[in-house]
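Worksheet: one structure, shown below.
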Amino acid sequence: MIFSTSPTLKKLLIFCIVLSLGINSYIPPVEAQLFGWLRWIWPPKRVGIPPGKRSGGAVRGDCPKTAIPLTALVPANEEGLTFIEKTVSPHPNFWFYVPYAERVPSSSGRRLEFVLLDDSESIFYKATYYLPQKQSSVKMGGVISVAMPKTIKPLQEGRRYRWVFSVICNPANRSGDATVNGWIEHIAIDPAFNNQLDEKINLEKISSDYAAQGIWYETVGTLAKLLRDEKSPSSKLKRNWSSLLDSVGLAKLSAEPIVPRDKCEVCRGIPARERSEPSKTTSTHHKL
């Protein structure tokens, strides 16, 4: 055969095969793998702020060590440090993996705490929540959302805020909390981009469009809520979720469940009540 006797033709053939594979391996973001290319647009940006921390295990108290610790669903560098990510929402959602759950949410002293600080380190918003309710098919916790209630003042455009999310393992000794923290910046959405979003009904594609604009909180939130609320998520949706998490170094979370809203008071914006307080409806109920 001619290819067995001509080194030059062999090299040419190999070059053509490699080139062909390289071309065919690129899948545009509008196709099946919407998020495989994102690792190129989420490099953490050091902009003169103290970095945050994406994961944090409990030091002591009633929170046992887990295979995957408390983790914020945000990009981070190789050391797990977080920096500023963007949102276009005045009342954004924050997403976390919480490795703990309880059969009865108020059965122990453990709580979740979310604190948002403005750029002067003053408390902008603070709330305490019960842990998510344990699901029969899941040993531990899962991915949850924390939303800012619509009843509080909105984030200001152009301002940066620092968030701190903790699992309170022992209310009498907060030094043992599992804690993560990071930054969020509220930006104005480009009117032309917003008009494009209004014309689309494919939420997976909308999430990809947010990603192309470098808007992290809507990227992850749109896809997570779609996956959570679908009764039978498609394999394509699951692949896109895995691809998104892998693009920011969170591949280990792709198989973890997203806690249903009816099993998660924090996901519905219902703060924890002290044991001495009567059960009552709170004005901060809101749908994500």
- Query: Sorted by mean Cβ packing within 10 Å, highest first, what order do the peptides 248-259, 147-158 take?
  - Reply: 248-259, 147-158
- Give LYS65/LYS252; LYS53/LYS231; LYS150/LYS231; LYS231/LYS252; LYS53/LYS263 a once-over and call out the pairs whose C-alpha atoms are over 25 Å from each other. LYS53/LYS231; LYS150/LYS231; LYS53/LYS263
- Query: When the Karplus curve 6.51 cos²θ - 1.76 cosθ + 1.60 is applied with θ = phi - 60°, which whole-Hz ³J(HN,Hα) does each residue of the stretch 219-232 get, with x for Gly and Pro?
  - Reply: 4, 6, x, 4, 6, 5, 5, 5, 5, 5, 8, 6, 5, 9
- Item | Accessible solvent surface per residue of the stretch 70-135, calculated while the other protein chains remain in place, 1.4 angstrom probe, Å² | 34
- Taking a probe of 1.4 Å, how large is the accessible area per residue of the stretch 138-219, in Å²? 44
- Item | Test item: Cα-centred dipole of the stretch 116-204, Lys/Arg +1 and Asp/Glu -1 on Cβ, debye | 540
- What share of all Cα pairs of the stretch 126-224, in percent, falls into each consecutive 10 Å distance bin? 11, 32, 33, 18, 5, 0
- Item | For the stretch 212-266 versus the stretch 122-165, the gap between their alpha-carbon centres in whole angstrom | 16
- Using only the C-alpha atoms of the stretch 155-274, find the volume of their convex hull and express it per residue in Å³. 157
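The values are calculated or read from the model by the stated rules, or taken from the named source; none is laboratory data. In this text, all values refer to a predicted model and were calculated from it rather than measured experimentally. FYI the Cβ positions are ideal-geometry reconstructions off the backbone, even for glycines, and counts take in every protein chain you see. Calculation scope for accessible area: heavy atoms of the full protein, side chains included, ligands and nucleic acids excluded. Shrake-Rupley method; radii C 1.70, N 1.55, O 1.52, S 1.80 Å.
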